[in-house]
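The values are calculated or read from the model by the stated rules, or taken from the named source; none is laboratory data. Computed from a predicted model, the values in this text were never measured in an experiment. Reconstructed Cβ throughout: ideal geometry from the backbone, glycine too, with neighbour counts over all protein chains shown. The protein model used for the area step is the full one, side chains on, heavy atoms only, and it has no ligands, DNA or RNA in it. Shrake-Rupley method; radii C 1.70, N 1.55, O 1.52, S 1.80 Å.
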Amino acid sequence: MYISRNWLKDFVKIPDSLSSKELGLKLTMATAEVEGFVDQTESLKGVVVGQILEVKKHPNADKLKLAVVDIGKARLNIVCGAPNIEVGQKVPVATVGASLPNGMKIVKVKVRGEESSGMLCAQDELKLGSDHSGILILDKNLKVGEPLAKALGLDDVIYEIDNKSLTHRPDLWSQYGFAREVAAIFGKELKDWKFNLPKMPVEKLDIKIEDYKLCPRYEGVVIEGIEIAPSPDWMQKRITAVGMRPINNIVDITNYVMWELGQPLHAFDYDKLDGHRIIVRTAKANETIKTLDDENRKLETSILVIADAKKPVAIAGVMGGANTEIDNKTKKIIIESANFDHVSIRRTEAKLSLRSEASIRFEKSLDPNLTDLAIRRAVELILQICPKAKLASRIEDVKKFKLNQGPIKVSFEFLNKRIGEVIAPNKIIDILESLGFEVKKQKDGLLILVPTWRATKDISIPEDIIEEVARIYGYDNLAVAMPLVSMDRPELNKERYLERKIKTILSLGLAASEVYNYSFVGEDQVKKLGLKAEDHVKISNPQSKEWNLMRRSLIPNLLDNARLNARFFDDFSLFEVGLTYLPEFKGARISNKEAKFLPLQDKWISGVVTEKKNDKPFYIAKNIISSLLTRLHFEYKLNNTKNVLSFVKKNRAVDVIIGGKNIGYISELADDLYEKLGLKVKVAIFELNLTKLTELYTDEIIYKPIPKFPGIDLDISMIIPKAILWEQVDKVVREVEKDLIREVNFFDVYEGAGIPEGNKSIAFKIIYRSDDKTLTMEEVQVIHQKVLKTLEQKFGAQIRK
């Protein structure tokens with residue numbers, strides 16, 4: 001969005017002493033972010049009016065010419081490739097040292113052996129338009145040697161406004177909207193609109209609106225006696241300054257009014273309209289239109305169009321149709337000034353991939369009252385610029401709308417408390433009235449009526465009023481003070497704290513790598529694991545058909561990670577922390593009122609472990625979980641699994657029990673799944689319910705005293721039947737001598753060569769220690785032999801020497 005300082009001065013008196021930089025800063029602090037500004041005088045510094053005295057061919061280039069140019073104080077030799085230069089023409093000359101608006105710096109150079117001391121400029125190189133077909137030919141009456149900016153009256157400053165800061169302010173998409181802000185900021189008077197229009201004819205324009213929700217207001221007027229010609233120089237300069245391309249007087253007037261007031265207009269060739277009537281309706285099935293950008297567009301039935309008696313003639317609020325375009329033969333026109341539903345316009349833009357200066361404004365939700373102001377301004381300009389033009393109909397106005405202008409009640413206590421400073425009531429009233437609000441003072445506050453241009457989707461609650469007062473009062477005028485608040489420790493998010501601690505332990509302490517996956521899985525993916533697709537939450541609009549279900553477990557995606565990484569690494573551990581979605585437990589553990597509609601969303605810590613050497617990753621996974629829970633100071637047990645998941649290997653799986661609650665499991669992948677999943681190494685899996693774990697977690701650590709007396713470690717290696725679980729062995733060993741056997745730590749298992757079929761070899765360490773004295777090896781050996789004998793009797797163990 002571009003704002004012209006000279007244009008603003010048409011509506012509000014801006015002090016000449018106010019620098020361009022200061023005005024930009026004031027607007028940034030109070031209204032919208034000014035990204036930068038261009039002073040036209042500075043941007044054209046070093047560019048002067050020159051007159052071509054001589055033109056001859058370049059001796060070493062067929063397409064280049066040598067021109068001798070008079071710039072008043074000197075004659076310059078300039079090499080030029082433009083086809084349109086002739087002796088006697090006045091042209092813009094960029095002298096050596098000048099920097100053009102397009103970034104080009106002019107230096108003295110040799111071109112094909114001939115010296116060139118400057119440059120003849122095209123329109124686009126000076127940012128005075130978009131034409132690059134030849135050199136810009138100036139008016140023959142301009143004075144040679146005069147700075148170009150002065151000669152052309154280019155003494156404006158153009159501000160570029162960040163569009164994102166205007167999305168909530170439909171009133172700011174115009175020069176007049178910003179003039180209102182400038183008037184409020186500097187306490188100046190804003191010029192009101194008064195039109196001196198001739199008496200309206202009695203003839204009517206036939207306008208019909210089929211859906212007032214999509215088009216709350218439509219105004220139109222017929223004007224005849226039109227002669228298409230270039231628009232006046234002053235108008236071309238202004239619309240060019242804000243980035244528009246001059247076309248002809250009628251089109252330029254509609255663009256001029258749009259930039260001046262923020263209301264898009266459109267001009268139809270009256271004689272090209274079938275039935276000479278306007279119908280605002282949605283498109284019919286299979287209708288098409290060729291728009292002004294020369295594109296044929298197929299219209300959906302939800303798209304709003306402007307139509308005549310037979311066909312669409314414009315896409316409402318977006319772009320006109322080529323079939324009613326203004327051309328050099330146009331003699332009679334209809335000016336449209338309408339208001340359209342902002343949601344409808346935004347959807348049309350998306351469906352057609354088409355945006356325009358008009359649609360950008362309509363999508364912001366314009367004030368329907370603006371249509372009347374804009375059409376009267378357009379009529380005024382047309383009658384002023386086209387001497388033979390006259391009204392052929394009255395201004396027809398078809399409307400049905402209602403705006404929520406309040407009133408909004410705001411107490412002085414509420415306002416001053418939110419701003420943080422006491423502002424005098426009269427000052428508050430002055431600020432609001434300068435912005436167009438109608439204010440009625442009450443005993444303890446204000447009753448405020450919102451102006452129509454702020455009532456579409458901007459001002460609606462007391463907090464909005466507070467913002468208006470604070471920004472115009474000046475944020476930099478507010479006293480800086482630290483708020484008086486109690487210095488309480490912020491509430492700890494226990495789950496987040498525990499999650500971060502677990503991630504640190506797993507990644508830094510246990511060398512596992514964290515991964516992040518989508519929360520989605522596919523039907524084929526879950527079916528390979530023996531899971532039912534219908535047990536999952538189905539996504540109605542998936543990003544792809546391969547990701548159409550919400551995950552019940554993190555394991556399916558982790559197994560995919562394992563398959564991909566197994567191509568490059570033999571041994572690795574991966575883990576992920578994330579939510580799962582169980583529709584059969586809707587509403588559980590969710591506090592908000594919509595909980596009954598949502599699936600249970602517990603957070604889990606899940607992982608996969610591969611180990612190629614011994615092909616027994618289960619024990620590595622078990623050690624990882626044991627180390628993790630020990631470092632978190634949990635008392636835990638590993639029990640025979642009750643897991644019914646289809647992808648778990650049942651005879652190598654344990655449940656993790658803490659505080660009597662099952663919080664997860666450790667297992668290996670079922671043997672029949674490796675080929676289906678493309679896995680060539682054994683994979684262990686584990687899952688812990690972080691949500692349950694958080695409920696059981698406490699960071700209060702109970703310290704035990706360091707043992708006074710040393711212990712003695714003895715290892716046992718034995719062969720036992722495969723069916724015997726480590727849990728059973730651990731229990732039997734501890735019961736032999738509960739007071740002196742302090743720890744039983746498993747560290748190895750082996751199946752293979754040298755071990756009888758149906759058996760396995762396991763190894764573990766026993767730590768013997770007394771609280772009363774230092775045990776001798778002889779004393780320990782007595783107990784140790786008892787342990788060995790018990791193992792032989794209970795399990796038929798063969799002790800390996």
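Quick rundown of the values:
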{"item": "Residue that is farthest from K400 (Cα to Cα), among those in the range 210-235 that are under 40 Å from the mean Cα position of the chain (by Cα) and surrounded by 19 or more Cβ atoms within 10 Å (Cβ to Cβ)", "result": "G220"}
{"item": "Filter pass, D131 being touching a strand residue (DSSP E or B) at 6+ places or on another chain (Cβ under 7 Å), farther than 30 Å from L373 by Cβ and of a type in the set (D, E)", "result": "yes"}
{"item": "Cβ-Cβ under 7 Å pairs, at least 6 apart or on other chains, the range 335-360 side among the small types (G, A, S), far side open to solvent by 20 Å² or more (accessible area, probe 1.4 Å) and part of a loop (DSSP other than H, G, I, E, B)", "result": "S344/L214"}
{"item": "Pick from the range 727-758, criterion of a type in the set (F, W, Y) and either touching a helix residue (DSSP H, G or I) at 6+ places or on another chain (Cβ under 9 Å) or not assigned by TED's automatic domain parsing to the domain that holds F795 (or both), ranking: surrounded by the most Cβ atoms within 10 Å (Cβ to Cβ)", "result": "F746"}
{"item": "Any chance L645 is in a loop (DSSP other than H, G, I, E, B) and within 26 Å of E495 (Cβ to Cβ)", "result": "yes"}
{"item": "Residue identified as closer than 30 Å to L403 by Cα and outside any helix (DSSP H, G or I) among I466, I459", "result": "I459"}
{"item": "Matching residues, the range 37-50, being touching a residue at least 12 places away in the same chain (Cβ under 8 Å) and on the phi < 0 side of the Ramachandran plot", "result": "F37, V38, D39, Q40, T41, S43, L44, K45, V47, V48, V49, G50"}
{"item": "Close pairs (7 angstrom Cβ cut-off, 6 or more residues apart or separate chains): closer than 27 Å to R361 by Cα in the range 1-26, in a helix (DSSP H, G or I) and among the β-branched types (V, I, T) anywhere", "result": "L8/V182; V12/V182; I14/V182; K26/I185"}
{"item": "Filter result (open to solvent by less than 70 Å² (accessible area, probe 1.4 Å), in a loop (DSSP other than H, G, I, E, B) and closer than 21 Å to E42 by Cα) within the range 121-152", "result": "C121, Q123, L128, G129, L136, L138, L142, V144, G145, E146, L152"}
{"item": "Qualifying positions in the range 278-298 - open to solvent by less than 10 Å² (accessible area, probe 1.4 Å) and part of a loop (DSSP other than H, G, I, E, B)", "result": "A283"}
{"item": "The one condition in (1) over 30 Å from Q781 (Cβ atoms); (2) among the hydroxyl-bearing types (S, T, Y); (3) over 41 Å from the mean Cα position of the chain (by Cα) that Y697 fails to fulfil", "result": "(3)"}
{"item": "Filtered residue count, the range 499-535, keeping only those that are under 30 Å from the mean Cα position of the chain (by Cα) and either open to solvent by less than 60 Å² (accessible area, probe 1.4 Å) or of a type in the set (S, T, Y) (or both)", "result": "10"}
{"item": "Residue tally, condition under 17 Å from L172 (Cα atoms), assigned to a loop (DSSP other than H, G, I, E, B) and not hydrophobic (A, V, I, L, M, F, W, C), over the range 14-56", "result": "2"}
{"item": "Lone unmet requirement of (1) open to solvent by 50 Å² or more (accessible area, probe 1.4 Å); (2) part of a strand (DSSP E or B) for L76", "result": "(1)"}
{"item": "In the range 393-428, residue farthest from P462 (Cα to Cα) [restricted to those that are in contact with a Pro (Cβ under 7 Å, 6 or more places away or on another chain) and open to solvent by 20 Å² or more (accessible area, probe 1.4 Å)]", "result": "R394"}
{"item": "Single match in T348, T330, T371 (criterion: of a type in the set (S, T, N, Q), assigned to a helix (DSSP H, G or I) and under 21 Å from I223 (Cα atoms))", "result": "T371"}
{"item": "Unique match (being in contact (Cβ under 8 Å) with a residue 40 or more places away in the chain, basic (K, R) and under 30 Å from P583 (Cα atoms)) among K532, K503", "result": "K503"}
{"item": "Residues that are among the aliphatic types (A, V, I, L, M) and open to solvent by 40 Å² or more (accessible area, probe 1.4 Å), drawn from the range 760-798", "result": "M777, V782"}
{"item": "Every pair of residues 6+ apart whose Cβ atoms lie under 7 Å, when the first sits in the range 476-495 and is farther than 30 Å from L696 by Cα while the second is open to solvent by less than 100 Å² (accessible area, probe 1.4 Å) and in a loop (DSSP other than H, G, I, E, B)", "result": "L478/G420; L478/E421; A479/E421"}
{"item": "Every pair of residues 6+ apart whose Cβ atoms lie under 7 Å, when the first sits in the range 713-732 and is of a type in the set (S, T, Y) while the second is assigned to a strand (DSSP E or B)", "result": "S717/S761; S717/A763"}
{"item": "Matching residues, the range 759-793, being closer than 21 Å to F747 by Cβ and either in the same structural domain as Y619 (by TED's automatic domain parsing) or in contact with a helix residue (DSSP H, G or I) (Cβ under 8 Å, 6 or more places away or on another chain) (or both)", "result": "I762, F764, I766, Y768, I783, V787, T790, L791"}
{"item": "Extreme residue, modelled with the lowest pLDDT, among residues of the range 396-420 that are farther than 27 Å from F178 by Cβ and in a loop (DSSP other than H, G, I, E, B)", "result": "G420"}
{"item": "The lone exception for T41 - which of (1) modelled with pLDDT of 90 or more; (2) out of contact with any Ser or Thr (no Cβ under 8 Å at 6 or more places or on another chain) it fails", "result": "(1)"}
{"item": "Residue selected from the range 569-619 under the condition surrounded by 15 or more Cβ atoms within 10 Å (Cβ to Cβ), touching a strand residue (DSSP E or B) at 6+ places or on another chain (Cβ under 7 Å) and assigned to a helix (DSSP H, G or I), by the criterion modelled with the lowest pLDDT", "result": "Y619"}
{"item": "Strands (runs of 3 or more DSSP E) completely within the range 676-779 that count 2 or more residues being in contact with an Asp or Glu (Cβ under 8 Å, 6 or more places away or on another chain)", "result": "683-689, 741-750, 759-768"}
{"item": "Unmet requirement for P59, which otherwise passes all of (1) in a strand (DSSP E or B); (2) open to solvent by 80 Å² or more (accessible area, probe 1.4 Å)", "result": "(1)"}
{"item": "Filtered residues of the range 245-273 (kept if open to solvent by 50 Å² or more (accessible area, probe 1.4 Å) and either closer than 13 Å to V313 by Cα or not assigned by TED's automatic domain parsing to the domain that holds E325 (or both))", "result": "D271, K272"}
{"item": "Failed item, numbered, when D155 is tested on (1) within 30 Å of K26 (Cβ to Cβ); (2) in a strand (DSSP E or B)", "result": "(2)"}
{"item": "Some residue of the range 173-183 being in contact with a Lys or Arg (Cβ under 7 Å, 6 or more places away or on another chain), modelled with pLDDT of 90 or more and of a type in the set (F, W, Y)", "result": "yes"}
